[in-house]
Amino acid sequence: MAALPPSSSARARAAARKKRLGRALMAAPLVVLLLAFLVYPVGQLLALSVWGKAGFSLAAYQQLFASPLYFNVMLITLKISFFTTVLSVVGGYPIAYLISVASPERKATLLFWVLLSFWTSFLVRAFAWIVILGRRGVLNHLLTSLGIIDTPADLLYNFGSVLVGMVHALMPLAILTMLAVMENIDRTLPRAASTLGARPGTAFWKIYFPLSLPGVAAAAIMVFVTAIGFFIVPALLGGRRETMITQLIIDQVLQTLNWGFAGAISVLLLLVVLVVFVLYDKLLGLSSMTGTSAPRAATARPQGFGHRIGDAILTLLGDVSDRIIAVFPRGRRDGAKPPRPLVAFVWIVLVLMSLPAVLMIPLSFGSGGLNWPPQGFTLQWYREMLDSPVWAQALTRSLLVGLGTGVLSMLIGTPAAFLLVRGDMRGKGAMLAFVLSPIVVPRMIIAVGLFYMFARIGLVGTALGLVLGHTVVAVPYVVMTMMAVLRNYDTRLDLAAQSLGARPLATLRYVTLPILGAGMMSSFLFAFATSFDELTIALFASGGLNATLPKQFWDEVTLQVSPVIAAVSTCLFVFIAVLIFAADRLRRRSVAS
Amino acid sequence: MSSSSLTVHGLAKRYGEFVALAPTSLDVPAGEFLTLLGPSGSGKTTLLSLIAGLATPDEGEVRIGGADVTYRPPYERDLGMVFQNYALFPHMTIEDNIAFPLKMRKVGAAEARKRAAEALEMVRLPHVAKRFPRELSGGQQQRIALARCLVYRPSIILMDEPLGALDKKLREQMQLEIKRIHRELATTIIYVTHDQEEAMTMSDRICLMNAGRIEQLGAPGDLYFRPRTVFVADFLGESNLLPARISATAGETLDIALAAGAGTGQAISNGAPLAAGADVTVMVRPQNITVRAPVDGSGKLKGRLADVMVTGSLTKLYLDAVTPGLPPLIAAYPTRSLSDEHRIGDLLELDWQAADAVAIADAGAH
């Protein structure tokens, strides 16, 4: 560098400046969005907990700790979240495993059912459980007609029904998170273990399982953090004793307008989440969250006590599994095929996962209300739905807000993803953490903070406010998906195009975008679907008259359980199924071309 | 190290309509280095997977050391396999990787460590025991994969294109290394490759495969100089393949007439019986063709020089036969000096010895 003449070093400096400016411009929209609609409103809400009309005050916290009620609710929230996490991960593991080892066609089928559950509205799925577990519901009907019980049992509004609803809601998330890691496990490794003398059980527990652990860890934290901020399932399926912390926040805001106290509960919730994250990072390392880097255990191997115990446990599990397998006669089966009991288990779980939403379909055409079995055939509920202007308005608004969110998230998230993947800059890790923070901060806190802010600047009840709020929660997913897409993109193709005479825009148009198109489309759909199903922010920010579809659904279902909702559920379910099918077609066509 | 023989009898595998391996039989004596050679999709990896037990055959049997292992799982076959991508366990240290098969065989920890160290000595990487696979280079990972396979002294070692990912220089070095280990341990090795040079330099015998069946099985020299089929002649090294018809037979020596009336001459049989009147392909290796000028009709063919290529030790001449209907020809000789006597466009006389022309029966004539 010293040998360069001054003029060229000045040019180099100018080029570097230009590059820095370009980088800043790529990241700026996202940073501004998050600062304005995440950091500021959440910060304000937290500040409200100690800073009311009368100046500084700890009254809210005194109220919070004065009664054991809030502490108990926090405990219940943690208990429900913990069991939800354990059941979702343990139950989801075999499914993710089977999908990761299945042949391409089979994989597409299995994945369709998981995605269908994943994208079917939480509301639709929770509502379905009301119908299934009700006194005159599917399960009671089944049990009485089989003669197992004489009178219908109370299956709803208890810990069990909440847990069923929660696991049902979050298991697809666990499966998809684990799958992301399992897909990257080299399939020759278990085969290699087998040629080296490892029996199937040992090969699984000593080779495959340790390699899949980052996925398990990531799935567990994703499910736990989502569960802790959940209110739909406990509100619809739980009784008083299953009240979760976010429900308290809703009460404070919507019924008593006690912002200070809502802020104090939010602080408590946020602290709990932070503690969970810190503990998690200490134990497992958060790098596993993104599923991209190796688990910390592999970089700095603790050859100590804990490791030896873990190894001994895995060895034992391997031995036990092998002994169990040895009991069954071994035919001339192909070793590559997964064992039948596993396949059976996976299909049972997948059917249970999809069934609730499917059961809505016959009920929506029945004339006997929501009692099982459905009676007669009528289009009455669909007519009522179409005749009522509320549903049509809600649908229009949801589509509008969804499209707006999709477009805005793409416009803001894609350049940031480019920067995070391609740019060589310091503080990438911090930047990524900042971008992902809307996932970590419980949705309810964001929603209440935005409500307070929107109320003061007149954005409550506007589509713009909803789009902004939804973009905050959708943009991390867009950035993550786009980062994955960009990592797989071979940048030499761009260089090849440029060497063939294509200018940057032409390169983008003829090479980069056509290849990235499918990935961008799926990012867009992700953002759209996130917004389309979003209730927490819409609950406050959409105002009384301008409800989105989930808000309208929520209002109806908390008021009265009517068959019209079954009709709406059916429409939503079919809409999502078509959307997934179309997206899959699109993806296949782009792969084929 | 104990070493076992391998017998494959009538082994076949289909995937739906696709015949990955037609019924195939093969005998490999203990201690032999046998290479499965062929283009991609020729069935060599399928055959290896069936031998390893990683796939189940539709019919036929596999015997290792005389024992029927056809439907035994891989972990009961006592064989070692080196995978194309090495398949080192990323979450284990090098030492743990190498000790893994010993652990599976219930060898004590101390003994396992000792033997892992010995195996590392053998592949000349004694200092990497505590590292993780991704901290090593491709060539080093390859050696570790080999060590992990050698450490438990399997009676047969299977290698699936083990050097495919290495650069040329490293590949040659590893070829020597594997040869040395084979010599020292006298173990049976089944080696899969699509690199014909690698097959020629390393093997006791080559099993050349094509479209799911064995084209020819024999010593490298046999396949090179006495190919049974045109495919073999074409696949191994460069060759001139001339269509011809047998006019008379006298023992090993055959009188032939080249197609399109290009001339007559003599050739030898590749071992398969041939009768007069049969259509054959005559193979002559480039280094067995001599060229000279001026053209005086004293050779077998005339050709016009289309291109000259000096590949270091060899000079290759690309010629167009003057007689229409004959394919382009290649002649090669050791490069003697910088300036070559032949110019592009020259008309040259081509000649070869009868003993260097091998007649191969055309596919339809079987």
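No value in this document is a laboratory result; all are computed from the given coordinates. Model, not experiment: these values are computed from the prediction. All Cβ positions, even for glycine, are placed from backbone atoms using ideal geometry, and neighbour counts span all protein chains on display.
Counting only other chain Cβ atoms within 10 Å of each residue's Cβ, the peptide A:466-477 averages 0.
Proximity of backbone amide H atoms, modeled 1.01 Å from N, is registered between B:M81 and B:L158 at under 5 Å, excluding neighbours fewer than 5 places apart on the same chain. Of the residues B:I206, B:L217, B:F100, the one whose Cα sits farthest toward the positive end of the charge dipole of the stretch B:6-230, with +1 on the Cβ of Lys and Arg and -1 on the Cβ of Asp and Glu, is B:F100.
Report note on the peptides A:266-278, B:42-54, B:218-230: ranked by the mean count of other C-beta atoms within 10 Å, highest first, their order is B:42-54, B:218-230, A:266-278. Below 8 Å, C-alpha to C-alpha, sequence gap of six or more: please give me the relative contact order for the stretch B:6-230 in percent. Relative contact order, the stretch B:6-230: 29 percent. Take the Cα of B:Q173, step 7 Å toward its Cβ, do the same at A:A502, and the gap between the two points is 3.9 nm. Across all directions, the average projected area of the convex hull around the alpha carbons of the stretch B:125-273 is 12.4 nm².
Note on the stretch A:81-157 and the stretch B:154-172: Cα centroid distance 49 Å, given to the nearest whole angstrom. Dividing the radius of gyration of the alpha carbons in the stretch A:429-506 by their Kirkwood radius gives 1.21 for Rg/Rh.
If you take the Cα centroid of the stretch B:313-333 and the Cα centroid of the stretch B:226-261, the two points sit 16 Å apart. Proximity of backbone amide H atoms, modeled 1.01 Å from N, is registered between B:L301 and B:L350 at under 5 Å, excluding neighbours fewer than 5 places apart on the same chain.
Based on the reciprocal of the average 1/r between different C-alpha atoms, the Kirkwood radius for the stretch B:238-365 equals 15.1 Å. Taking other Cβ atoms within 10 Å as a rough exposure proxy, B:S4, A:S569 sort from fewest to most as B:S4, A:S569. Note on B:52-61: average number of Cβ atoms from other chains within 10 Å of each residue's Cβ is 3. In terms of packing, defined here as the mean over residues of other Cβ atoms within 10 angstrom, the peptides B:315-321, A:491-497, B:126-132 line up highest first as B:315-321, B:126-132, A:491-497.
In whole angstrom, the stretch A:134-174 maps to an equivalent ellipsoid with semi-axes of 25, 11, 7, each derived as √(5λ) from the alpha carbon gyration tensor and ordered largest first.
Counting only Cα atoms, the stretch B:43-139 measures 46, 30, 23 Å along its principal axes, largest extent leading. Can you work out the PRE-style zone for A:F277? Point 7 Å along Cα to Cβ, and I want the residues of the stretch A:410-444 with backbone N under 18 Å. The answer is A:427-444, whose backbone nitrogens lie closer than 18 Å to the label point. For the segment A:184-193, counting C-beta atoms of other chains within 10 Å of every residue's C-beta and taking the mean gives 6. Applying 1/(1 + (r/R0)^6) with R0 = 25 Å to the Cβ-Cβ distance of A:S67 and A:D251 gives a FRET efficiency near 0.95. For the stretch A:137-264, averaging the sequence separation of C-alpha pairs within contact (under 8 Å, six or more residues apart) and dividing by the residue count gives a relative contact order of 30 percent. The spacing between the stretch A:504-554 and the stretch B:129-147, judged by their C-alpha centroids, is 46 Å.
Remark: the protein assembly as shown carries a charge dipole of roughly 2820 debye about the Cα centre, counting +1 on each Lys and Arg Cβ and -1 on each Asp and Glu Cβ. Scalar couplings 3J(HN,Hα) for the stretch B:71-86, obtained by applying the Karplus form with A = 6.51, B = -1.76, C = 1.60 to θ = phi - 60°, are 10, 7, x, x, 6, 10, 9, 6, 10, x, 9, 9, 8, 4, 9, 6 Hz; x denotes Gly and Pro. Just checking the listed ones, B:S25, B:S269, B:S298: in the Gaussian network model of chain B with Cα springs under 10 Å, the one fluctuating most is B:S298. Here the Karplus relation 6.51 cos²θ - 1.76 cosθ + 1.60, evaluated at θ = phi - 60°, turns the backbone of the stretch B:180-187 into coupling constants of 4, 5, 4, 5, 5, 9, 6, 8 Hz, with x for every Gly and Pro. Scanning chain A for DSSP H helices at least 24 Å long along the axis (C-alpha atoms) with a Kyte-Doolittle mean no lower than 0.5 picks out A:68-101, A:159-182, A:209-228, A:259-283, A:305-327, A:340-364, A:389-422, A:463-487, A:513-532, A:563-592. P(r) tail, chain B: Cα-Cα pairs separated by more than 38 Å, 33% of all pairs. Here, P(r) means the percent of Cα pairs in each 20 Å bin from 0 to the largest distance; for chain A it is 17, 50, 29, 4, 0. Here the ratio of the Cα radius of gyration of the stretch B:89-194 to 2.2 N^0.38 Å is 1.03. In this structure, the amide hydrogen of B:I360, modeled 1.01 Å from its nitrogen in the peptide plane, lies closer than 5 angstrom to those of B:T281, B:V282, B:M283, counting only residues at least 5 positions away or on a different chain. Close Lys pairs in the stretch B:6-230, defined as Cα atoms under 22 Å apart and 8 or more places apart or on different chains, number 9.
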